[in-house]
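Throughout, read-outs are computed from the coordinates displayed, never taken from laboratory work. Just so you know, these numbers come straight off a predicted model, no measurement behind them. When we count neighbours, we look across all protein chains shown, and the Cβ atoms used for this are built from the backbone with ideal geometry, even at glycine.
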Amino acid sequence: MAYIYIVKCKDGTLYTGWTTDIERRIKQHNEGKGAKYTRCRRPVVLKYFEKFKTKEEAMQREYQIKKLSRIQKLKLIETLGI
């Protein structure tokens, strides 16, 4: 299994990534061991995720989401988020 996810950072910005273990990855972000972008924007809160069979599918979807505007990402979170 692979996942794409969107987290909301402490400063209100959004970060999109992919992982094979979503709980571990969110924990890493909050411990400052995740992406460089989130290290100074902790804590992060999981707002959205999708599940995929392969890493490649997840990475393709991550790329699509990263091309979306902030408003489009917020709409995605609003309609399908957790």
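Numbers below:
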quantity	calculated
3J(HN,Hα) from dihedral phi, segment 16-28, Karplus parametrisation 6.51/-1.76/1.60, rounded to Hz, x for glycine, proline	10, x, 9, 6, 9, 9, 5, 4, 4, 5, 5, 4, 4
Among 27, 51, 67: highest mean-square fluctuation, GNM of the chain, C-alpha pairs under 10 Å	67
For residue 21, net neighbour charge (Lys/Arg +1, Asp/Glu -1) across residues whose Cβ lies under 13 Å away	+4
Lys, Arg +1 and Asp, Glu -1 on Cβ, resulting dipole of the chain about Cα centre, debye, nearest 20	280 debye
Neighbourhood net charge (14 Å Cβ-Cβ; Lys/Arg +1, Asp/Glu -1) for residue 1	+1
FRET E, pair residue 82, residue 10, Förster distance 22 Å, beta-carbon r, rounded to 0.05	0.75
18 Å Cα-Cα threshold exceeded, pairs from 33/66; 36/66; 10/51; 10/36	33/66; 10/51
Within the chain, helix-based [θ] at 222 nm, where runs of 4 or more DSSP H residues each add -39,500 (n - 2.57), nearest 500	-12500 deg cm²/dmol
